[in-house]
Amino acid sequence: MKKILNLSLLTFLLFLYVFVSAQSYVTAVASNLSDAVFRLHVIANSDSDEDQALKIKVRDSLLDYMNEICSNCYTKEEAITLAQEHKKDFQEIAEKTILESGFNYSVKININNFYFPTKNYGDISLPAGLYDALRVEIGEAKGQNWWCVMFPSLCFIDISSGVVDDEAKENLEDNLEKESYSIISDNKKSNIKFKFKLIEFFAEKGLFTANKNM
């Protein structure tokens, strides 16, 4: 009986060690990823074809402006500071785009830390987790979302082919630790794929927090 209890205790301690080690690893990688990217989240008024097309127009207008003001940015901190300073401009650009498209929807813009599901950008895959982002809610904001990366810009150059700007990927690599970049850029390998799934699991279960006060 004593041997069984000792074995059970050792098994539990081993499980606890593995769990804590995995949690520490996932938190470190997730925090590194969160620290490197500034994302865009656009929510359409509804799922109608017109509202979804409008969402894309608003997205394009905001990305063009972001690329303009962030042309000399090399870190997420620089990009997010500029976005906060120009938040009113983003609001006006979105409103203008909506009006010029024949709609009169209101626009709500918020820069904060939000949960994102796993998304693929060409050969770059960002796992689910908490990321700083500029969120744009159009009208009633009951339509489908558009998830993108404002800095470094990982939005498709050509959406039909899924091509991503090589310069943006290089910028992302420069801002990430080697381990983190290998996970998001080379997750076809079995060992990397396992690590990616591990991060997804912990994020979906809320077992780590990369949230920051902005």
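For a paramagnetic label modelled on Ser101 (point 7 Å from Cα along Cα→Cβ), amide N atoms under 16 Å away belong, within the stretch 40-84, to 41-65.
Here the stretch 35-204 was treated as a single set of alpha-carbon atoms; its pair distances binned every 5 Å from 0 give 1, 8, 17, 20, 20, 15, 10, 5, 2, 0, 0 percent.
Please tell me which of these pairs span more than 27 angstrom C-alpha to C-alpha: Lys57/Lys87; Lys55/Lys119; Lys57/Lys193; Lys57/Lys178; Lys142/Lys193; Lys119/Lys169?
On the way: Lys57/Lys87 18 Å; Lys55/Lys119 18 Å; Lys57/Lys193 35 Å; Lys57/Lys178 35 Å; Lys142/Lys193 33 Å; Lys119/Lys169 15 Å.
As for pairs spanning more than 27 Å Cα to Cα, those are Lys57/Lys193; Lys57/Lys178; Lys142/Lys193.
Taking 0.36 nm per residue of sequence separation and removing the Cα-Cα distance, the Asp166/Asp60 pair yields an extension gain of 36.2 nm. Legend: calculated FRET efficiency, Glu140 to Ile4, from the Cβ-Cβ distance at R0 = 45 Å, rounded to 0.05, equals 0.15. With each label modelled as a point 7 angstrom along the Cα→C-beta vector, the Asp174-Phe201 pair spans 3.6 nm.
Coordinate-derived values only; no laboratory data. Just so we're clear, the structure is a prediction, and the values are computed from it rather than from any experiment. Ideal geometry is used to build each Cβ from the backbone, glycine not excepted, and the neighbour counts take in all protein chains shown.
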